[in-house]
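Structure first, commentary second.
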Amino acid sequence: MATALGNSKKWIKSRKGQQLLICVGFTVIPLFLLFLFTYLPFGQMVKFSFYKMKYSTPVDKRVFVGWRNYLDVFSRKDCFGALKLSVYYCIGALIQLVLSLYLATVLSFKVKAGNLFKGLMFFPYLISGIAIGFIFKFFYTRGFVFDTLLQTLGINIESLPYWLKDQAVNNWSLVATSVWRYFGQNMVLFIGAIMSVDAELYEAAQLDGANRFQQFKHIILPSIKTIVTLNIILSISGSLSAFEPPYVITGGANGTGTYFVVMNEIAHTSQKVGLASAMAVVLLMLIFGVTILQKLFFKYVFRNVDK
(Lines give C-alpha, C1' and ligand atoms only; values in the text may rest on other atoms or scores of the structure.)
Protein backbone atom coordinates (compact mmCIF):
# COMPACT_ATOMS: atom_id res chain seq x y z
CA MET A 1 0.00 0.00 0.00
CA ALA A 2 2.78 2.41 0.95
CA THR A 3 4.65 1.54 -2.25
CA ALA A 4 1.54 2.16 -4.39
CA LEU A 5 0.90 5.46 -2.63
CA GLY A 6 4.48 6.51 -3.17
CA ASN A 7 4.32 5.59 -6.86
CA SER A 8 1.11 7.60 -7.20
CA LYS A 9 2.70 10.68 -5.65
CA LYS A 10 5.74 10.24 -7.87
CA TRP A 11 3.56 9.92 -10.97
CA ILE A 12 1.53 13.01 -10.02
CA LYS A 13 4.74 15.03 -9.70
CA SER A 14 6.00 13.77 -13.05
CA ARG A 15 5.59 15.67 -16.31
CA LYS A 16 2.92 13.31 -17.64
CA GLY A 17 1.00 13.43 -14.38
CA GLN A 18 1.07 17.22 -14.31
CA GLN A 19 -0.11 17.40 -17.93
CA LEU A 20 -2.99 15.02 -17.24
CA LEU A 21 -4.07 16.92 -14.11
CA ILE A 22 -4.00 20.23 -15.98
CA CYS A 23 -6.03 18.81 -18.87
CA VAL A 24 -8.57 17.26 -16.52
CA GLY A 25 -8.77 20.44 -14.45
CA PHE A 26 -9.28 22.72 -17.43
CA THR A 27 -11.92 20.35 -18.82
CA VAL A 28 -13.90 19.24 -15.78
CA ILE A 29 -14.05 22.55 -13.89
CA PRO A 30 -15.42 24.65 -16.81
CA LEU A 31 -17.92 21.91 -17.66
CA PHE A 32 -19.03 21.75 -14.04
CA LEU A 33 -19.45 25.53 -13.84
CA LEU A 34 -21.31 25.52 -17.17
CA PHE A 35 -23.67 22.85 -15.89
CA LEU A 36 -24.12 24.57 -12.52
CA PHE A 37 -24.80 28.10 -13.78
CA THR A 38 -26.31 27.44 -17.23
CA TYR A 39 -27.83 24.03 -17.87
CA LEU A 40 -29.16 23.42 -14.37
CA PRO A 41 -30.96 26.81 -14.17
CA PHE A 42 -32.26 26.28 -17.70
CA GLY A 43 -33.66 22.90 -16.72
CA GLN A 44 -35.34 24.46 -13.69
CA MET A 45 -36.80 27.20 -15.89
CA VAL A 46 -38.29 24.62 -18.26
CA LYS A 47 -39.72 22.82 -15.24
CA PHE A 48 -41.24 26.05 -13.85
CA SER A 49 -42.91 26.76 -17.20
CA PHE A 50 -45.37 23.92 -16.50
CA TYR A 51 -46.46 25.35 -13.14
CA LYS A 52 -48.54 28.23 -11.84
CA MET A 53 -46.35 29.71 -9.14
CA LYS A 54 -44.61 32.71 -7.63
CA TYR A 55 -41.06 32.99 -6.37
CA SER A 56 -42.26 32.61 -2.80
CA THR A 57 -44.63 29.71 -3.49
CA PRO A 58 -43.59 26.60 -1.52
CA VAL A 59 -42.79 23.52 -3.56
CA ASP A 60 -45.85 21.64 -2.33
CA LYS A 61 -48.14 24.57 -3.18
CA ARG A 62 -47.11 24.89 -6.85
CA VAL A 63 -49.96 24.05 -9.23
CA PHE A 64 -49.12 21.95 -12.27
CA VAL A 65 -50.92 23.43 -15.30
CA GLY A 66 -49.26 21.54 -18.14
CA TRP A 67 -49.14 23.45 -21.42
CA ARG A 68 -51.47 26.25 -20.25
CA ASN A 69 -48.63 28.75 -19.81
CA TYR A 70 -47.46 28.12 -23.37
CA LEU A 71 -50.99 28.61 -24.67
CA ASP A 72 -51.19 31.89 -22.75
CA VAL A 73 -47.96 33.06 -24.37
CA PHE A 74 -49.55 32.83 -27.82
CA SER A 75 -53.03 34.01 -26.81
CA ARG A 76 -52.20 37.06 -24.65
CA LYS A 77 -51.64 40.28 -26.60
CA ASP A 78 -49.04 41.54 -24.12
CA CYS A 79 -46.90 38.41 -24.56
CA PHE A 80 -46.40 37.09 -28.05
CA GLY A 81 -47.86 40.25 -29.55
CA ALA A 82 -44.88 42.18 -28.22
CA LEU A 83 -42.69 40.34 -30.72
CA LYS A 84 -44.03 42.58 -33.49
CA LEU A 85 -41.78 45.32 -32.11
CA SER A 86 -38.84 43.15 -33.12
CA VAL A 87 -39.56 44.19 -36.71
CA TYR A 88 -38.36 47.70 -35.85
CA TYR A 89 -35.14 46.34 -34.40
CA CYS A 90 -34.60 43.96 -37.32
CA ILE A 91 -34.89 46.86 -39.77
CA GLY A 92 -32.50 48.86 -37.59
CA ALA A 93 -30.09 45.90 -37.51
CA LEU A 94 -30.02 45.72 -41.30
CA ILE A 95 -29.40 49.49 -41.54
CA GLN A 96 -26.67 49.11 -38.94
CA LEU A 97 -24.98 46.31 -40.91
CA VAL A 98 -25.07 48.26 -44.18
CA LEU A 99 -23.64 51.35 -42.48
CA SER A 100 -20.91 49.41 -40.67
CA LEU A 101 -19.95 47.50 -43.83
CA TYR A 102 -19.74 50.73 -45.82
CA LEU A 103 -17.54 52.44 -43.21
CA ALA A 104 -15.41 49.31 -42.81
CA THR A 105 -14.80 49.21 -46.56
CA VAL A 106 -13.85 52.90 -46.66
CA LEU A 107 -11.56 52.63 -43.64
CA SER A 108 -9.88 49.48 -44.95
CA PHE A 109 -8.18 51.71 -47.54
CA LYS A 110 -5.78 54.47 -46.61
CA VAL A 111 -7.77 57.29 -45.00
CA LYS A 112 -6.47 60.26 -43.03
CA ALA A 113 -7.10 59.87 -39.29
CA GLY A 114 -8.60 56.45 -39.99
CA ASN A 115 -7.48 54.94 -36.67
CA LEU A 116 -8.95 57.88 -34.75
CA PHE A 117 -12.25 57.45 -36.57
CA LYS A 118 -12.27 53.72 -35.83
CA GLY A 119 -11.76 54.40 -32.14
CA LEU A 120 -14.52 57.01 -32.02
CA MET A 121 -16.98 54.72 -33.77
CA PHE A 122 -16.13 51.72 -31.57
CA PHE A 123 -16.28 53.70 -28.31
CA PRO A 124 -20.12 53.53 -27.86
CA TYR A 125 -19.93 49.73 -27.72
CA LEU A 126 -17.64 49.98 -24.69
CA ILE A 127 -20.17 52.02 -22.73
CA SER A 128 -22.61 50.20 -20.45
CA GLY A 129 -26.05 49.73 -21.96
CA ILE A 130 -27.63 51.21 -18.82
CA ALA A 131 -25.48 54.34 -19.13
CA ILE A 132 -26.40 54.69 -22.81
CA GLY A 133 -30.05 54.36 -21.85
CA PHE A 134 -29.82 57.27 -19.41
CA ILE A 135 -27.88 59.35 -21.95
CA PHE A 136 -30.53 58.94 -24.63
CA LYS A 137 -33.35 59.35 -22.14
CA PHE A 138 -32.22 62.94 -21.63
CA PHE A 139 -31.22 63.27 -25.29
CA TYR A 140 -34.79 62.61 -26.45
CA THR A 141 -36.59 64.43 -23.62
CA ARG A 142 -38.77 67.29 -24.79
CA GLY A 143 -36.78 70.52 -25.07
CA PHE A 144 -33.44 68.86 -24.33
CA VAL A 145 -30.47 68.01 -26.54
CA PHE A 146 -32.10 66.62 -29.70
CA ASP A 147 -34.83 69.26 -29.81
CA THR A 148 -32.25 71.99 -29.20
CA LEU A 149 -30.13 70.75 -32.10
CA LEU A 150 -33.15 70.73 -34.39
CA GLN A 151 -34.12 74.22 -33.25
CA THR A 152 -30.68 75.51 -34.26
CA LEU A 153 -31.54 74.30 -37.77
CA GLY A 154 -34.62 76.53 -37.76
CA ILE A 155 -37.23 73.90 -36.87
CA ASN A 156 -39.99 75.03 -34.54
CA ILE A 157 -40.18 72.90 -31.41
CA GLU A 158 -43.99 72.90 -31.58
CA SER A 159 -43.80 70.98 -34.85
CA LEU A 160 -41.59 68.29 -33.35
CA PRO A 161 -43.10 65.07 -31.93
CA TYR A 162 -42.49 63.73 -28.45
CA TRP A 163 -39.72 61.30 -29.34
CA LEU A 164 -40.43 58.92 -26.45
CA LYS A 165 -44.22 59.31 -26.19
CA ASP A 166 -45.48 59.53 -29.75
CA GLN A 167 -46.06 55.93 -30.86
CA ALA A 168 -45.36 56.88 -34.46
CA VAL A 169 -41.69 57.60 -33.70
CA ASN A 170 -40.78 56.32 -30.24
CA ASN A 171 -39.78 52.83 -31.35
CA TRP A 172 -37.67 54.28 -34.16
CA SER A 173 -35.97 56.51 -31.59
CA LEU A 174 -35.06 53.46 -29.51
CA VAL A 175 -33.87 51.59 -32.60
CA ALA A 176 -31.59 54.52 -33.46
CA THR A 177 -30.05 54.14 -30.01
CA SER A 178 -29.23 50.48 -30.70
CA VAL A 179 -27.81 51.33 -34.13
CA TRP A 180 -25.58 54.02 -32.61
CA ARG A 181 -24.27 51.62 -29.99
CA TYR A 182 -23.60 48.48 -32.02
CA PHE A 183 -22.60 49.58 -35.51
CA GLY A 184 -19.03 50.32 -34.31
CA GLN A 185 -18.63 46.74 -33.12
CA ASN A 186 -19.79 45.35 -36.46
CA MET A 187 -17.57 47.83 -38.26
CA VAL A 188 -14.49 46.56 -36.42
CA LEU A 189 -15.42 42.95 -37.20
CA PHE A 190 -15.83 43.79 -40.87
CA ILE A 191 -12.51 45.67 -40.92
CA GLY A 192 -10.75 42.65 -39.43
CA ALA A 193 -12.25 40.41 -42.10
CA ILE A 194 -11.41 42.83 -44.91
CA MET A 195 -7.81 43.20 -43.73
CA SER A 196 -7.37 39.43 -44.09
CA VAL A 197 -8.05 39.62 -47.83
CA ASP A 198 -4.91 39.07 -49.91
CA ALA A 199 -3.52 42.46 -51.02
CA GLU A 200 -2.41 40.99 -54.33
CA LEU A 201 -6.06 40.70 -55.35
CA TYR A 202 -6.44 44.48 -55.06
CA GLU A 203 -3.29 45.05 -57.09
CA ALA A 204 -4.50 42.70 -59.83
CA ALA A 205 -7.90 44.40 -59.86
CA GLN A 206 -6.32 47.85 -60.17
CA LEU A 207 -4.22 46.65 -63.09
CA ASP A 208 -7.44 45.48 -64.76
CA GLY A 209 -8.96 48.94 -64.22
CA ALA A 210 -11.43 48.00 -61.47
CA ASN A 211 -12.74 50.88 -59.35
CA ARG A 212 -13.43 50.78 -55.61
CA PHE A 213 -17.02 49.59 -56.01
CA GLN A 214 -16.00 46.79 -58.35
CA GLN A 215 -13.27 45.75 -55.89
CA PHE A 216 -15.87 45.66 -53.14
CA LYS A 217 -18.36 43.66 -55.22
CA HIS A 218 -15.98 41.08 -56.70
CA ILE A 219 -13.20 40.84 -54.09
CA ILE A 220 -14.21 42.08 -50.64
CA LEU A 221 -17.82 40.86 -50.38
CA PRO A 222 -17.16 37.27 -51.58
CA SER A 223 -14.11 37.06 -49.31
CA ILE A 224 -15.93 38.11 -46.13
CA LYS A 225 -19.26 36.37 -46.76
CA THR A 226 -18.78 34.20 -43.66
CA ILE A 227 -18.46 37.16 -41.28
CA VAL A 228 -21.32 38.95 -43.07
CA THR A 229 -23.55 35.93 -42.53
CA LEU A 230 -22.49 35.67 -38.88
CA ASN A 231 -23.19 39.36 -38.21
CA ILE A 232 -26.62 39.16 -39.83
CA ILE A 233 -27.53 36.11 -37.75
CA LEU A 234 -26.32 37.74 -34.51
CA SER A 235 -28.02 41.06 -35.30
CA ILE A 236 -31.42 39.55 -36.10
CA SER A 237 -31.24 37.18 -33.12
CA GLY A 238 -30.36 40.14 -30.91
CA SER A 239 -33.29 42.11 -32.33
CA LEU A 240 -35.69 39.42 -31.10
CA SER A 241 -34.39 39.87 -27.55
CA ALA A 242 -34.04 43.69 -27.42
CA PHE A 243 -34.18 44.81 -23.80
CA GLU A 244 -31.92 47.62 -22.59
CA PRO A 245 -33.15 50.61 -24.69
CA PRO A 246 -36.90 50.19 -24.01
CA TYR A 247 -36.38 49.13 -20.40
CA VAL A 248 -34.07 51.97 -19.37
CA ILE A 249 -35.31 54.79 -21.60
CA THR A 250 -39.09 54.33 -21.55
CA GLY A 251 -39.71 51.46 -19.14
CA GLY A 252 -41.77 49.81 -21.87
CA ALA A 253 -44.40 52.57 -21.79
CA ASN A 254 -46.30 54.02 -24.76
CA GLY A 255 -46.10 50.88 -26.87
CA THR A 256 -42.35 50.33 -26.55
CA GLY A 257 -42.47 47.19 -24.41
CA THR A 258 -40.55 44.52 -26.29
CA TYR A 259 -40.95 40.81 -25.62
CA PHE A 260 -38.07 40.84 -23.13
CA VAL A 261 -39.45 43.87 -21.27
CA VAL A 262 -42.90 42.28 -20.99
CA MET A 263 -41.34 39.02 -19.81
CA ASN A 264 -39.36 40.88 -17.15
CA GLU A 265 -42.51 42.66 -15.94
CA ILE A 266 -44.51 39.43 -15.78
CA ALA A 267 -41.72 37.66 -13.88
CA HIS A 268 -40.74 40.35 -11.36
CA THR A 269 -43.76 42.64 -11.07
CA SER A 270 -46.69 40.28 -11.56
CA GLN A 271 -44.73 37.37 -10.06
CA LYS A 272 -46.08 34.96 -12.69
CA VAL A 273 -42.94 32.86 -12.79
CA GLY A 274 -44.48 29.98 -14.74
CA LEU A 275 -45.73 32.22 -17.54
CA ALA A 276 -42.45 34.13 -17.71
CA SER A 277 -40.52 30.86 -17.89
CA ALA A 278 -42.72 29.69 -20.75
CA MET A 279 -42.07 33.00 -22.54
CA ALA A 280 -38.34 32.48 -22.14
CA VAL A 281 -38.51 28.97 -23.57
CA VAL A 282 -40.61 30.16 -26.52
CA LEU A 283 -38.12 32.96 -27.22
CA LEU A 284 -35.22 30.52 -27.09
CA MET A 285 -36.93 28.17 -29.55
CA LEU A 286 -37.80 31.11 -31.80
CA ILE A 287 -34.21 32.39 -31.87
CA PHE A 288 -32.95 28.87 -32.49
CA GLY A 289 -35.38 28.39 -35.37
CA VAL A 290 -34.57 31.78 -36.92
CA THR A 291 -30.85 31.03 -36.69
CA ILE A 292 -31.25 27.68 -38.46
CA LEU A 293 -33.40 29.26 -41.19
CA GLN A 294 -30.87 32.03 -41.73
CA LYS A 295 -28.01 29.57 -42.00
CA LEU A 296 -29.90 27.49 -44.55
CA PHE A 297 -30.88 30.61 -46.48
CA PHE A 298 -27.36 32.01 -46.71
CA LYS A 299 -25.93 28.60 -47.51
CA TYR A 300 -28.34 28.29 -50.43
CA VAL A 301 -27.83 31.88 -51.62
CA PHE A 302 -24.05 31.81 -51.49
CA ARG A 303 -23.98 28.39 -53.12
CA ASN A 304 -25.86 29.80 -56.07
CA VAL A 305 -23.60 32.87 -56.15
CA ASP A 306 -20.47 30.72 -56.17
CA LYS A 307 -21.85 28.78 -59.12
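Across the stretch 33-38, computed HN-Hα scalar couplings (Karplus, 6.51 cos²θ - 1.76 cosθ + 1.60, θ = phi - 60°) run 5, 4, 5, 5, 9, 10 Hz from first to last residue, x flagging Gly and Pro.
Listed values for the stretch 15-30 are Karplus-derived 3J(HN,Hα) couplings in whole Hz (6.51 cos²θ - 1.76 cosθ + 1.60, θ = phi - 60°), namely 5, 5, x, 4, 4, 5, 4, 5, 4, 5, x, 6, 9, 6, 4, x, and x replaces Gly and Pro.
Close amide H contacts of residue 51 (hydrogens built in the peptide plane, cut-off under 5 Å, sequence separation of 5 or more or a different chain): 65.
The stretch between residue 200 and residue 268 holds 18.7 nm of extra length on full extension. This uses 0.36 nm per residue minus the Cα-Cα distance.
Tell me, what is the FRET efficiency for residue 165 and residue 138 to the nearest 0.05, using R0 = 22 angstrom and their Cβ-Cβ distance as r? Write out the running numbers ahead of the final one.
Values: r = 15 Å, r/R0 = 0.67.
With a Förster radius of 22 Å, E is 0.90.
On a per residue basis, the convex hull of the C-alpha atoms belonging to the chain measures out at 259 Å³.
Distance between the 7 Å Cα→Cβ label points at residue 117 and residue 55: 4.8 nm. Only protein heavy atoms count here; under a 1.4 Å probe, residue 198 has an accessible surface of about 80 Å². Secondary-structure-derived ellipticity at 222 nm for the chain, considering helices only, amounts to -21500 deg cm²/dmol, per-run term -39500 (n - 2.57) for DSSP H runs with n ≥ 4. Counting only protein heavy atoms and using a 1.4 Å probe, the accessible area of residue 23 comes to about 80 Å².
Here r is the Cβ-Cβ distance between residue 223 and residue 128 and R0 is 41 Å; the resulting FRET efficiency, rounded to 0.05, is 0.75.
Remark: the stretch 63-146 carries 62 Å² of accessible area per residue (probe radius 1.4 Å; ligands, DNA and RNA excluded).
Applying the Karplus relation 6.51 cos²θ - 1.76 cosθ + 1.60 with θ = phi - 60° to the stretch 55-60 yields 3J(HN,Hα) values of 4, 8, 5, x, 4, 6 Hz, where x marks Gly and Pro. Taking only protein heavy atoms and a 1.4 Å probe, the accessible area of the stretch 79-183 is 72% carbon and sulfur.
A simple spin-label model places pseudo-atoms 7 Å from Cα toward Cβ; at residue 284 and residue 300 they are separated by 2.8 nm.
For the chain, the relative contact order works out to 29 percent when only alpha carbon pairs closer than 8 Å and six or more residues apart are counted.
The values are calculated or read from the model by the stated rules, or taken from the named source; none is laboratory data. All values derive from a computational prediction rather than experimental measurement. Here the Cβ is made from the backbone with ideal geometry for all residues, glycine too, and neighbour counts use every protein chain on show. Note: accessible area is taken over every heavy atom of the protein model, side chains too, but ligands, DNA and RNA are not part of it. Shrake-Rupley method; radii C 1.70, N 1.55, O 1.52, S 1.80 Å.
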